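Working notes, beginning with the structure itself.
The values are calculated or read from the model by the stated rules, or taken from the named source; none is laboratory data. Computed from a predicted model, the values in this text were never measured in an experiment. FYI the Cβ positions are ideal-geometry reconstructions off the backbone, even for glycines, and counts take in every protein chain you see.
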Amino acid sequence: MIISLTPPTKGTAEMIDSNNIQWKIDELGVTANEGASLEFYIKHIAQTSGEKEVNQSITYSDDEGNAVTFPSPSVLVECGVVVNPEPCPIPVELSIGGCQDSMVIDMGSTYLESLGRILQLDVTVKNVCPGKRVALAVILTEVDSNGS
């Protein structure tokens, strides 16, 4: 499946659908040899591994009936790679006593072993005292393997 394309070095290109691109060039190589390139991004959606041809077919036509040779790029797809995400940390609930002005809470440590680092904080503030403003702050620290 084609997911996006970049503008070609010559002419214009558009995605007809998720499997087809139409590339139009007004003239190419009129006075000398000239090349052009088109770059597009694909996503493998089948369940099989192996070497896959990127271009299932290419149709070329011009007013002079020239023959053109296009490269046949391929990609190696490995479907056997399984990524096991880390389990979500256990939520911690807290409450602040009647119209208390401030509170500092250490929510403990969360160990992220995978390559990605996304921190999502879901907060619901209830029963805000009348005439009071509420500000939330988060200080996120990282401890390296030396404890620094």
Residue pairs qualifying under the 7 Å Cβ cut-off, at least six apart or on distinct chains, with the first in the range 64-79 being touching a residue at least 24 places away in the same chain (Cβ under 8 Å) and the second being surrounded by 10 or more Cβ atoms within 10 Å (Cβ to Cβ) and among the aliphatic types (A, V, I, L, M), are V75/V54
Criterion first (β-branched (V, I, T) and surrounded by 10 or more Cβ atoms within 10 Å (Cβ to Cβ)) does V75 satisfy it? yes
Neighbours by Cβ (under 9 Å, 6+ apart or cross-chain): first from the range 24-35, more than 9 Å from K10 (Cβ to Cβ); second exposed (fewer than 10 other Cβ atoms within 10 Å of the Cβ): G29/G35
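Looking only at the range 24-43, which residues are in a loop (DSSP other than H, G, I, E, B) and farther than 19 Å from T69 by Cα? Let's see the steps before the verdict.
Quick first cut of the range 24-43, residues in a loop (DSSP other than H, G, I, E, B) only: 25-39, 43.
Across the range 24-43, the qualifying residues are T31, K43.
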Got at least one residue in the range 32-40 being within 25 Å of the chain's Cα centre (by Cα) and loosely packed, with under 11 Cβ neighbours inside 10 Å? yes
Among (1) part of a strand (DSSP E or B); (2) of a type in the set (D, E); (3) under 30 Å from M107 (Cβ atoms), which single condition is E14 missing? (3)
So in the range 98-148, with the set limited to residues that are more than 29 Å from the chain's Cα centre (by Cα) and either surrounded by 10 or more Cβ atoms within 10 Å (Cβ to Cβ) or not in a loop (DSSP other than H, G, I, E, B) (or both), which one is modelled with the highest pLDDT? C129
Is it the case that A46 is out of contact with any Gly (no Cβ under 6 Å at 6 or more places or on another chain), loosely packed, with under 10 Cβ neighbours inside 10 Å, without any contact (Cβ under 8 Å) to a residue 40 or more places away in the chain and part of a loop (DSSP other than H, G, I, E, B)? no
